[in-house]
């Protein structure tokens, strides 16, 4: 989902923006840049950033100041890890803001809601799934891909709802009568997008997915 910063009080915009900037600095410092020294990996990374840029241009307006688009960030997080995923998504969002003429205050709000939050949740889910579930190919694609992709979309949708209500932009009653009943339908495509993207990648280009290993998920299974 994408928010128009004009609907928020300035203190909300800048509070969210500060959180994003702290996250971005952390991502830049922790990013495994050596992974991109390979020409192939660099091309994949840049291509993924462009793919996000194009995907995020396809959106639907739901309410004044609120629009919906697919995220695709679960697959990106599993491909590159938290730090590089935050950076790639931030670059894609900057491209969207430039192309659509959105202000940079809008960039800060959406970077936290539509970049850092979903990428962080996808990374947490990866850690929990590795800890509690067996390392199996079908667990990886079904749970990490499909289930986590849908969960990330739903959680981010409710995060946007909480921000809108707590900021006084919309009441919960208004949102409950307009967009909340459609959340399951809106985020089912998110699950399929990330899930099928991972299926294709781990079958044909497993070396592009940092979180997948033939030794862990296929050998002896």
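Since every read-out is calculated from the coordinates, none of them should be taken as a lab result. Keep in mind that what you see is a predicted model, and the values were worked out from it rather than measured. Every residue, glycine as well, gets a Cβ built from its backbone with ideal geometry; the counts of neighbours run over all protein chains shown.
For the stretch 118-221, report the translational diffusion coefficient in µm²/s to the nearest whole number, using Stokes-Einstein at 25 °C, 0.890 mPa s, and a Kirkwood Rh over Cα pairs.
Working: Rh = 15.2 Å.
Translational diffusion coefficient: 162 µm²/s.
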For the stretch 2-214, what is the convex hull volume of its Cα atoms per residue in Å³? 119
Quick one: Cα centre-to-centre distance for the stretch 7-63 and the stretch 106-183, in angstrom? 16
7 Å from Cα along Cα→Cβ at both residue 203 and residue 61: what's the point-to-point distance in nm? 4.0
Computed on Cα atoms, the radius of gyration and Dmax of the stretch 1-91 in angstrom are 15.1, 45
Percent of C-alpha pairs per 5 Å bin, the stretch 59-126, short to long: 3, 17, 26, 26, 16, 9, 3, 0
What is the fewest-to-most order of 166, 211 by other Cβ atoms lying within 10 Å of their Cβ? 166, 211
